[in-house]
Each structure stands twice: as structure tokens, then as C-alpha cells.
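See below for the structure under consideration.
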Amino acid sequence: MRVADFHFDLPESLIARHPLAERRASRLLVLDGATGSLQHRRFADLLDYLRPGDLMVFNNTRVIPARLFGQKASGGKLEILVERVLDDDRVLAHVRASKSPKPGAKILIEGGGEAQMLVRHDALFELRFDQSVLPLLERVGHMPLPPYIDRPDEAADRERYQTVYADRAGAVAAPTAGLHFDEGLLAAIREKGVDTAFVTLHVGAGTFQPVRVERIEDHHMHREWLEVGQDVVDAVAACRARGGRVIAVGTTSVRSLESAARDGELKPFSGDTDIFIYPGRPFHVVDALVTNFHLPESTLLMLVSAFAGYPETMAAYAAAVEQGYRFFSYGDAMFITRNPAPRGPEETP
């Protein structure tokens, strides 16, 4: 299977660089996985597609202001993007500088604070700060907007590049399908008789890395930390018992649930995952999916194609481009029901 099979042309004008004034004001493209039919709706219309007894699973990770600016003691400017918080004062981070800092090098943080480079782990640098990391980031850090939102972060991004139910700090990218939900919509979902549950997956910067191989099977996924608790396992079992559907909000919720059910049975799980879902891979838990529109040739587009079927997904994306949907993190959304017999690119004429 070739990465190039997942290419599509996207006009620059369709990349959403700012959020809409209201979270639920985005558009919703509804894809019936069984038939391939499409409907063009508003996000608030998602309620029409939910049934009493369904279970919606959200990712409650919280985005940290993970981007820092500073300089080496020698004076050279640099940029730090925290990838993972290791403990109170240590992180793994990407460091952009004209010359990479060496072990022992001091880094002065813009706005106050200091870090020392301890050791390099391939592309990542282990840094130790002179104070607790999370309060430092909250004070002087910048929201780590994705590369395709090519503008500096603004004060409003602190709230809008964050779900309203974000609870557990640790992500360096938002679980963007959740950005469309406001408190009123969540209340209406519960009033409809739809249950909710929360997993945690701390989204890493690797989610934006391009796939650099020609064959999908040769790609190695980045690792991200997740937790699926016993409460989620019990909620899924109860949903199955009453005949409801498990609806994942975002590909990170999909990856969490399917990582915890890799052997076919959903069990509590806490730890790293490198699960890579592409056409031909089975789904053990998820019946429907709320997701944003993803980058061409990305692992997330491959996941959606595995769920909805390759021809159905690519046709939906072509329709979204034609209809002027807004793409990526601050863009519009899809609601997809799982295709019972998904085809991959090699089965598509």
C-alpha cells in the first residue's frame, strides 16, 4: 500500500487558521460507512445522529503551553517544543537552534527560568529546568499551534486550542474533534440518554510528522502515553449490553480504545502506544467516529480510511474540498459510521 494513495489536493484557502466565534458553529459532513452516502449539516446537528443508549468516548488530555523561546549561554537563540513531561522538572523536547546544545549546556528561558541539557535521545533532548515545569510553562510558554497554522499564538488560543473538558495536562497538540463541543451541547447529549466516558492520550508533536516512506507498511509510529481506566471498560460493556454504539470523539480516542483492545478484548491499559491503524487493520471497539479533516498522506487519514473504507473516505474529502469545508485543527468535522466491509486502495478500481 503506497503513501501516495492518500494524497489529495487542498487549496491553501481551506486551511482554518483561526477558530470560529462559536465552537458548535462549524460544519459537519456525515458519512454513512455502510452506503458511502454524504450529508452536509451543522455540527450542532450531531444530536440528530445520536441514539439513547450510545456511549461517547472523549479524550480529556489538556494541552500545555509547550513552546518556549530562549537562548544558549553563548547567546545563540533557540526554540524549545516540549514533547513529554518526564517528572516535576525534566522534559523531553525538540530544540531548534543553529547549533544543537551539548550535554551540560545552559539555556536561558525568555520570560524567566533556566534549563540544562542533560542528554540527547535521537531527535529529542532531555532538559532539566531550575523549577517545576508545568507552572513555568503556564507562565512563559506559548500554545503549540500546529505548523500549518502559520501565525504566532494569540491569547485566545489558550482557551480555544483546548477542549472544554480538558483535565489532565500533558498534550502538545489538541484532540481537535473535541474542540467543537461546548457545555450546552454536552448537556444536550446527556439529556438525550447518551452516556459519556473519558480516556486520556497525551497527543505528541509526532502527530504532525510526515510519513517519510513509500510503503505504508514500512512506517514506524511515534509513541504516545495513554490511559484507559476500568470505568471506561465497564461503560463500553454496559453500552454493548444495551445495544448501543461506541462513538469515539477523535482519532486519539480511537487509538486509545483500540490500543487497549489489541488482543480483541478491551481491558484497562496505561502506558505508551505506537498503534498504527491503516486499511486492512480491524476495529474491536469503535462503531462511529467524530473527527476533523486531516492532512494529505497522514497516518490519521489512513486511520479514517480503515474505518470508513478508502474509496468512501477519499470521495468524502473530495466533496469537502468542493463544498469549501474548513480543514485541520480549527476546521470543520465529520461524523462517520463504521463501514462493515471497508476496502483499501488496492481493492479500488
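The values are calculated or read from the model by the stated rules, or taken from the named source; none is laboratory data. This one's a predicted model, so the numbers in the text were calculated from it and none came from an experiment. Quick reminder, even Gly has a Cβ in these numbers, built from the backbone with ideal geometry, and neighbours come from all protein chains shown. SASA here: full protein model, heavy atoms, side chains in, ligands and nucleic acids out. Shrake-Rupley method; radii C 1.70, N 1.55, O 1.52, S 1.80 Å.
Taking the stretch 261-285, which residues are open to solvent by less than 20 Å² (accessible area, probe 1.4 Å) and touching a residue at least 40 places away in the same chain (Cβ under 8 Å)?
Gly271, Thr273, Ile275, Pro279, Val285
Return yes or no: is Leu47 open to solvent by 20 Å² or more (accessible area, probe 1.4 Å), touching a residue at least 12 places away in the same chain (Cβ under 8 Å) and under 19 Å from Ile336 (Cβ atoms)?
So Leu47 fits the description; yes.
Among the residues in the stretch 57-64, are any among the charged types (D, E, K, R), in a loop (DSSP other than H, G, I, E, B), touching a Gly at 6+ places or on another chain (Cβ under 9 Å) and open to solvent by 70 Å² or more (accessible area, probe 1.4 Å)?
For the stretch 57-64, residues among the charged types (D, E, K, R), in a loop (DSSP other than H, G, I, E, B), touching a Gly at 6+ places or on another chain (Cβ under 9 Å) and open to solvent by 70 Å² or more (accessible area, probe 1.4 Å): absent.
Return the total of residues in the stretch 109-139 being among the hydrophobic types (A, V, I, L, M, F, W, C) and under 26 Å from the mean Cα position of the chain (by Cα). Don't jump to the end; show me each part of the working.
Our first condition is that a residue be among the hydrophobic types (A, V, I, L, M, F, W, C); within the stretch 109-139, this holds for 109, 115, 117-119, 123-125, 127, 129, 133-134, 136-137.
Restricting the remaining residues to those that are under 26 Å from the mean Cα position of the chain (by Cα) gives 123-125, 127, 133-134, 136-137.
Residues that pass the stated criteria total 8.
Considering each residue of the stretch 193-228, count those that are acidic (Asp, Glu), in a helix (DSSP H, G or I) and either within 12 Å of Phe58 (Cβ to Cβ) or touching a residue at least 40 places away in the same chain (Cβ under 8 Å) (or both), and give that number.
Here the count works out to 1.
Could you list all residues from the stretch 71-96 that are more than 21 Å from Thr61 (Cβ to Cβ), surrounded by fewer than 17 Cβ atoms within 10 Å (Cβ to Cβ) and of a type in the set (A, V, I, L, M)?
Ala73
Take the stretch 133-156 and flag every residue that is more than 19 Å from Ala169 (Cβ to Cβ) and surrounded by 13 or more Cβ atoms within 10 Å (Cβ to Cβ).
Of everything in the stretch 133-156, those that are more than 19 Å from Ala169 (Cβ to Cβ) and surrounded by 13 or more Cβ atoms within 10 Å (Cβ to Cβ) turn out to be Tyr148, Ile149, Glu154.
Any idea how many residues of the stretch 201-239 are closer than 28 Å to Glu346 by Cβ and surrounded by 13 or more Cβ atoms within 10 Å (Cβ to Cβ)?
9
Please specify each residue of the stretch 295-316 satisfying the condition of being open to solvent by 10 Å² or more (accessible area, probe 1.4 Å) and part of a helix (DSSP H, G or I).
Applying the first criterion (open to solvent by 10 Å² or more (accessible area, probe 1.4 Å)) to the stretch 295-316 yields 295-300, 310-312, 314-315.
Scanning the stretch 295-316 gives Thr299, Leu300, Tyr310, Pro311, Glu312, Met314, Ala315.
Could you give me the residue pairs with C-beta distances under 8 Å whose first residue belongs to the stretch 142-158 and is closer than 12 Å to Leu68 by Cα, whose second residue is assigned to a loop (DSSP other than H, G, I, E, B) and open to solvent by 80 Å² or more (accessible area, probe 1.4 Å) wherever it lies, and which are 6+ apart or on separate chains?
Going by the 8 Å Cβ cut-off, the qualifying pairs are His142/Pro152.
Between a residue in the stretch 289-314 that is under 15 Å from Asp332 (Cα atoms) and at pLDDT 95 or above and any residue that is open to solvent by 20 Å² or more (accessible area, probe 1.4 Å) and polar (S, T, N, Q), which pairs come within a Cβ distance under 9 Å, given they are 6 or more apart or on different chains?
Once the first residue is under 15 Å from Asp332 (Cα atoms) and at pLDDT 95 or above and sits in the stretch 289-314, its partners that are open to solvent by 20 Å² or more (accessible area, probe 1.4 Å) and polar (S, T, N, Q) give Leu289/Thr337; Thr291/Thr176; Asn292/Thr176.
Just wondering, is there one or more residues in the stretch 286-294 that are open to solvent by 10 Å² or more (accessible area, probe 1.4 Å) and assigned to a loop (DSSP other than H, G, I, E, B)?
Scanning the stretch 286-294, I find at least one residue that is open to solvent by 10 Å² or more (accessible area, probe 1.4 Å) and assigned to a loop (DSSP other than H, G, I, E, B), so the answer is yes.
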